[in-house]
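Mind having a look at this structure? Questions to follow.
The values are calculated or read from the model by the stated rules, or taken from the named source; none is laboratory data. Quick caveat, the model's predicted, so the values are computed rather than measured. Glycine gets a Cβ as well: all are built from the backbone with ideal geometry, and neighbour counts include every protein chain shown.
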Amino acid sequence: EALIALAERSVLERAGYRVVIARTGEDAVAVVRSDDSIALVLMDIDLGPGIDGPTAAERILADHDVPLAFLSSHIEPDVVDRTEGITSYGYIVKNTGNTVLLASIRMAFRLHAAHLELVRRKELLDDALIREEHASEQLRDKSDELDRYFDASLDLLCIASTDGRLLRLNPEWERTLGHPVSDLLGQRFMDFVHPDDRDATTSAFARLADQQSVEGFENRYRCADGSYRWIEWRSKPLGSTVYAAARDVTDRRQALESVRRSEAMLRNLMENSADAVQLLDPQGRFLDANRVAHEMLGYTRDELLSMSIADIDPNYPADGFESFWRAQPAGASVVFETVHRHRDGRRIPVEINGIFFLLDGVEYVYGVARDVSERIRSRDALSDSERRFNAFLAHSPLITSEIAPDGRYLWVNKALASSVGMQPDDLIGKRFRDVLPEELADTFAERIARVRDNPAPIQIEDAIDGADGVRHFITTLFPLFTDDGELTSIGAIAHDVTERERAAAAVAHQKQLLETVVATSPDGFWLFDAGGRIVEASAPYCAMSSYTQEELRGMPISEIDVYETPDDTRARISRILSTGREVFVSRHRRKNGSVFDVEVSVAVLPDGDGQLVCFCRDITERVRIESEAKTTAELQRLLMSLAVRLVSSPPDRADNAIRQMLAEVGEFTGVDRTFVFAHDFARGITTNTHEWCADGVTPEMGNLQAVPLDSMRSITDVHRHGDAFVVPSVADLPADDPIREILQVQGIQSLLLLPLLRDGQSVGMIGFDSVRRERVFTDGLIDLLKVLAALLVAVQARRDTDATLRSERQRLQGIIDGTNVGTWEWNVQTGETVFNDRWADIVGYTLDEISPVSIATWERFTHPDDLAESARRLEEHFAGRSDFYEAECRMHHRDGRWVWVVDRGRVVSWTSDGRPILMMGTHQDITARKEAERVLREREERFRSLLDRIRSVPVQGFDRDGVVHYWNAASEALYGYTSEEAVGANVVDLLIPDETQDTVRGRIREMADTVDSIPPTEDWIRRKDGSLVRVMTSHAVVHLPGKAPEVFCLDFDVSERYAAEARVADLARERETLLKEVQHRIKNNMNTMVGLLTLQAAALDSPDAAAALHDAVGRFKSMEVLYDQLYRTDDYQHGSVARYTEQLVGKVAKLFPAGAHLVPTVHADEFTLDARTLSTYGLILNELVTNAMKYAFNDGAAPELSVSVNRDGDRVRLVVRDNGPGFPESVATDPTAGGSADSAATSSFGLTMVRSLAEQLGGTLRIESDHGARATVEFDA
């Protein structure tokens, strides 16, 4: 390699280049980094120890833009492919000739010049792209801001095409018409216009098509529910697009129509009114009157309109009318009675209903006069009748009163007053609670409310405790109305029916007595004598006691009564004979010895010859029920007590309260353990959270944490339906029931589990178990304990709710603090306000400095020009036309400047008649945003100006179908179409050649559909004049809310770069052809050289010269063998050492006379070496074998030559040995003969070459003379 490098440097220096040689890859990198004058690098593939050529090339090119071509004898595809991934300046095969070498270098310089030009242009393009990206970002920011305005506008905003299709709408359309915006987009708006408005709409839209603005146009649009809304338009065309803002004016139109209808209706009502209707000015002059008015007074309408009120009403002095009406409340109706004078002098009593009002700045008095002559006569007659009736009621024994709807006595008669010990006048104005006991007063008040709320008579019977016992009343309550049907009061008449009720009660008692005897008889009875022996027994008693009638006859009572002895029986009979009757409870013994509870009722039979009758009732079940009822009542009282304590317990002490509850209920019910489980269905576990145990019972809560819910599936299945899970006896459960195993481990004999249900879902369970004995859980007990479970759920829910509320309060305060907004509360009715500290801070004050605050505080700080708009927005919210109030206004800061705030709020409470009470809201400082908007508007103007003035970067914008909507001046300059020609046209038809139109259309649709740009592309573009230009296009997709995606393209003219790349491709193809030719020539040249050298050696007379040529032939042979081996296999990078050694030794030996009688011995391990190492190894082997063949076999002895090569790890050892005279003593004893001797006197040229080649491989040469010559070369593989 060193010799080749020297030869190539000589060639290059003769061509005028200065050449620096680097021996290793590291040296090459260091030379380039230290010498700025390096203009080109020729890099070999194999560079010996250290990094190889491609790696060195990558390091050089990483920080130096210098042309680098590879100079190597390798022509393997993978080697060449690797270098192509590093550089494109050429791959030169060694020994292809000086012409090829120099031509390749010149080509590399030209490619580098072209590369530098491309880099320069790319930098220009990158700069343009950065500027474009910055401009695009500004455009996107502005578009986002415009989108937010578009979506937040309360007006109906619309963008449409000139063919009438809706392209973009804001959300207000959906709120107004009810159609989803997505359903409207792409539709023709004319499809939604009312049929009667279409002609006018077509005419208006034609003006827009002629690029004329349209303002104030109104038409109707169909809503989603089929109704129509009136829309007022302001529209302006811009090219093929129409921009419009509209408002819903339906309410205004309806209001105007309503006014017109109302006016006509009022005129009709006025003319057809049964009363006289008059309209006067403040001085009392008639301005208008209906027919009834002038007919009632006897004047014509014209006569009346020339008169004043003083002419017909003597009660008004000439100047008193105006002062009377001005003294009335503004807008209030006034009703009074007066007298009007007829034309014939008659006086007509009238009732006046009038109002003084202002309309369009003009004052009027409107009055309705009704002739009340007949009413006055009727009223007088009614007054007489009323006096007589009141006298009757006042002295009536019936308890009578008139009661106001609010429960106050308006009138009472003497009977009522005396019943409560008061005078009638003392009761007037008092309420029931002032007169009656509280419970009775509440009852009467509830009845009055029933009649008041549902005006209809009701009748009630009452039993009231009095001094003489309970008295019974039948009370009738009835509503009293005005002539107009308005409820004024409630009448009450009460009738004392005590005596009747007492008589009825006596009759009922007798009847009940008889019914009791009849009902009791089937329970069982006997007749017995005074001696206590049974005379006769009924069948029911026989069935009850299991005795027959025959067995009972003559039987002493003491034999069947468990509690009585014969003496007790005699004493009881004696007592009954004296009292006549006795009822008591006892226990009787059946025939089989069992007992049952009985209630015994004994009476003496009249005229019964001293016999007594005994009625017996089996009360076993009643006794049991009474016992359970007693227990239930006590448990109910306990639950009530627990409920009060749990509800009043603070949420943070809920756990203690639950534990106390479990203890009290457990002790009361007599169970051994009570406990609570909480389910976690997300994790599939349940956990024992609370437990109480009776004395001596082992707690289990520690063993019942995170229990798998699957093990309790049978329980949770029951609980899912809200039912109790009851196990009366664990021993009775099936042996394979998993629940049995769980319970037996805990020693449980009986179990009750109730679900804890929240919103219908089981969230846990409360349990009661019995360890020491089996226990029966009755249905009544279970029902009461379900109340306990519900109470427990309520406590847990209250605890959770309290925690959530605390969290939400903290979260709300965090939001307020985090958003840095001022808050306010305003009582709209009183003007009271509450501000937080931030509200005051926004205007530069502390809250203390501006206190006390009111609505006037806000008005004082707000800019006068913004107050009207804020008031309008408030009125809209109060009227229900907007869900919330929002206004932007300026407020005066302490330092004198105006700060912008956005004021938002909502009414949170209203009066019953729809007036706002309390309103809450926020103040947010938006001064920075307002300033940013101003800056953004300026930037937008600069950006638009920038796009229009950029001359080097064509920019186009178009929709999914390719219709152009933006075309800058650079596009016009490059493609020849003006903006007027391009906008509205299809970009594909305009610019794209026919053969690629489908592809480009697909790209555009893909980007619009996926809202994602594709990587930059290069395409041929057709100019207006038909010529083609090569451009690189970058794409951007802009998708604004509510609008179809838009595609923007930025084009860069790359025609020159494309031509340069074409030239580079041609050069690359030329290089490939050259490599193939070089390979062919190498094969031919090697054979030619061998042939020429052989011929020349044969023609020479000098043996030394011929020997030198034979040496050269041997070296060529070694290369030929290697070349043939490498290129006859698929692996061009590695070769077999064994096969190469055998072939090479055989061919070299045959070049010499001794070779005819020599059979070399070759021992070679089977391994491979890379082609470069194998080539060097071949030269070494060739020199050593040649040396042996030349000098070892001249003494006539039988020649012996042995070659061995083996590999031990990474170390290769080659030994060449012969049986000749050995090396000269000077060589064998040279102390440097091991690998570095350079003395020409002691070493031949061949050994010098061997040493050099061994060193190139990083190895050593050792020569020995011992019964022949022995040369050993060792190197790292």
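Which residue, of Asp841, Asp800, Asp779, Asp783, is free of Cβ contacts under 8 Å to residues at least 24 places away in the same chain, surrounded by 13 or more Cβ atoms within 10 Å (Cβ to Cβ) and either closer than 30 Å to Gln636 by Cα or in contact with a His (Cβ under 6 Å, 6 or more places away or on another chain) (or both)?
Asp800
Only one of (1) under 26 Å from Tyr149 (Cβ atoms); (2) in contact with a helix residue (DSSP H, G or I) (Cβ under 8 Å, 6 or more places away or on another chain) fails for Trp898. Which number is that?
Of (1) under 26 Å from Tyr149 (Cβ atoms); (2) in contact with a helix residue (DSSP H, G or I) (Cβ under 8 Å, 6 or more places away or on another chain), only one is false for Trp898: (2).
Does Ala56 count as at pLDDT 90 or above and in a helix (DSSP H, G or I)?
yes
Let me confirm something: among Arg168, Arg247, Arg234, Arg229, which residue is part of a strand (DSSP E or B), among the basic types (Lys, Arg), within 29 Å of Asp883 (Cβ to Cβ) and touching a helix residue (DSSP H, G or I) at 6+ places or on another chain (Cβ under 7 Å)?
After ruling out the rest, the residue left standing is Arg229.
With the condition kept exactly as written, say whether any residue in the stretch 87-110 is in contact with a helix residue (DSSP H, G or I) (Cβ under 6 Å, 6 or more places away or on another chain), at positive phi and buried (at least 16 other Cβ atoms within 10 Å of the Cβ).
yes
Conditions (1) surrounded by 14 or more Cβ atoms within 10 Å (Cβ to Cβ); (2) closer than 20 Å to Trp411 by Cα; (3) touching a residue at least 40 places away in the same chain (Cβ under 8 Å); (4) not charged (D, E, K, R), marked per residue:
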| site | (1), (2), (3), (4) |
| --- | --- |
| Pro455 | yes, yes, no, yes |
| Glu461 | no, no, no, no |
| Asp468 | no, no, no, no |
| Ile474 | yes, yes, no, yes |
| Phe481 | no, yes, no, yes |
| Gly485 | no, no, no, yes |
| Ala492 | yes, yes, yes, yes |
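Only one of Arg234, Arg247 is crowded, with 16+ Cβ neighbours inside 10 Å and basic (Lys, Arg). Can you tell me which?
Arg247
Now for a different question. Within the stretch 175-191, take every residue that is touching a strand residue (DSSP E or B) at 6+ places or on another chain (Cβ under 9 Å) and touching a residue at least 40 places away in the same chain (Cβ under 8 Å) and give me the one that is surrounded by the most Cβ atoms within 10 Å (Cβ to Cβ).
Step by step, filter the stretch 175-191, then rank; the result is Leu177.
In a loop (DSSP other than H, G, I, E, B) and surrounded by fewer than 19 Cβ atoms within 10 Å (Cβ to Cβ): which single residue out of Ala1156, Ala1197 fits that description?
Ala1197
Right, next: Which residues, taken from the stretch 1062-1086, are at pLDDT 75 or above and loosely packed, with under 15 Cβ neighbours inside 10 Å?
Answer for the stretch 1062-1086, where residues must be at pLDDT 75 or above and loosely packed, with under 15 Cβ neighbours inside 10 Å: Ala1062, Arg1063, Ala1065, Asp1066.
May I ask you to say which residue of Val470, Val451 is among the β-branched types (Val, Ile, Thr), out of contact with any His (no Cβ under 7 Å at 6 or more places or on another chain) and at pLDDT 85 or above?
Val451
Further question: How many residues, within the stretch 910-925, are part of a loop (DSSP other than H, G, I, E, B) and crowded, with 16+ Cβ neighbours inside 10 Å?
Going through the stretch 910-925 one residue at a time, the tally reaches 0.
List the pairs whose first member sits in the stretch 745-769 and is closer than 17 Å to Gly722 by Cβ, whose second member is charged (D, E, K, R) and surrounded by fewer than 22 Cβ atoms within 10 Å (Cβ to Cβ), and whose Cβ atoms are under 6 Å apart, counting only residues at least 6 apart or on separate chains?
Leu754/Lys786; Ser762/Arg720
Further question on the same structure: Go through (1) part of a strand (DSSP E or B); (2) buried (at least 17 other Cβ atoms within 10 Å of the Cβ) for Phe205 and report which single condition fails.
Every condition holds for Phe205 apart from (1).
Residue by residue through the stretch 421-447, note down the ones that are surrounded by fewer than 16 Cβ atoms within 10 Å (Cβ to Cβ), among the hydrophobic types (A, V, I, L, M, F, W, C) and closer than 14 Å to Leu410 by Cβ.
Ile428
For Glu337, state whether it is out of contact with any helix residue (DSSP H, G or I) (no Cβ under 8 Å at 6 or more places or on another chain), closer than 15 Å to Ile309 by Cα and surrounded by 13 or more Cβ atoms within 10 Å (Cβ to Cβ).
So Glu337 passes the test.
Mind telling me which of the residues Ala128, Ala160 ends up being out of contact with any Gly (no Cβ under 8 Å at 6 or more places or on another chain), at pLDDT 85 or above and either surrounded by 14 or more Cβ atoms within 10 Å (Cβ to Cβ) or under 26 Å from Gly984 (Cα atoms) (or both)?
Among Ala128, Ala160, only Ala160 is out of contact with any Gly (no Cβ under 8 Å at 6 or more places or on another chain), at pLDDT 85 or above and either surrounded by 14 or more Cβ atoms within 10 Å (Cβ to Cβ) or under 26 Å from Gly984 (Cα atoms) (or both).
Ok, one more. Starting from residues that are over 27 Å from Asp144 (Cβ atoms) and in contact with a helix residue (DSSP H, G or I) (Cβ under 6 Å, 6 or more places away or on another chain), keep the ones in the stretch 1030-1061 and report whichever is surrounded by the fewest Cβ atoms within 10 Å (Cβ to Cβ).
Residue satisfying both the conditions and the ranking: Arg1030.
Here's another thing I want to ask about it. So, in the stretch 432-453, how many residues would count as being in contact (Cβ under 8 Å) with a residue 12 or more places away in the chain and in a loop (DSSP other than H, G, I, E, B)?
The number of residues fulfilling the criteria is 1.
Something else: Yes or no: the stretch 898-909 includes at least one residue that is of a type outside the set (Val, Ile, Thr) and outside any strand (DSSP E or B).
no
Another one. Residue by residue through the stretch 528-579, note down the ones that are part of a strand (DSSP E or B) and not charged (D, E, K, R).
The answer is Phe528, Ile534, Val535, Ala537, Pro556.
May I pose another question? Hey, does the stretch 948-971 have a residue that's in contact with a strand residue (DSSP E or B) (Cβ under 9 Å, 6 or more places away or on another chain) and basic (Lys, Arg)?
Looking for residues that are in contact with a strand residue (DSSP E or B) (Cβ under 9 Å, 6 or more places away or on another chain) and basic (Lys, Arg), one finds at least one in the stretch 948-971, hence yes.
Can you tell me which of (1) at pLDDT 85 or above; (2) touching a Lys or Arg at 6+ places or on another chain (Cβ under 9 Å) is the one Asp275 doesn't meet?
Asp275 satisfies all of (1) at pLDDT 85 or above; (2) touching a Lys or Arg at 6+ places or on another chain (Cβ under 9 Å) except (1).
Go over the candidates Asp948, Asp913, Asp895, Asp903 one by one and state the one that is more than 30 Å from Leu1028 (Cα to Cα) and modelled with pLDDT under 90.
Asp913
Within the stretch 951-1050, considering only strands (runs of 3 or more DSSP E) that don't extend past its boundaries, which have at least 1 residues that are without any contact (Cβ under 8 Å) to a residue 40 or more places away in the chain, among the charged types (D, E, K, R) and closer than 25 Å to Glu1061 by Cα?
Result: 1017-1022, 1028-1038.
Where residues in the stretch 1127-1142 are part of a helix (DSSP H, G or I) and buried (at least 20 other Cβ atoms within 10 Å of the Cβ), which of them is modelled with the lowest pLDDT?
Filtering first and then ranking leaves Tyr1140.
I've got another one for you. Among helices (runs of 4 or more DSSP H) lying entirely in the stretch 758-863, which contain 3 or more residues that are charged (D, E, K, R)?
779-819, 837-842
Suppose the filter is more than 14 Å from Lys930 (Cβ to Cβ) and assigned to a helix (DSSP H, G or I); does Glu875 pass it?
Yes: the conditions hold for Glu875.
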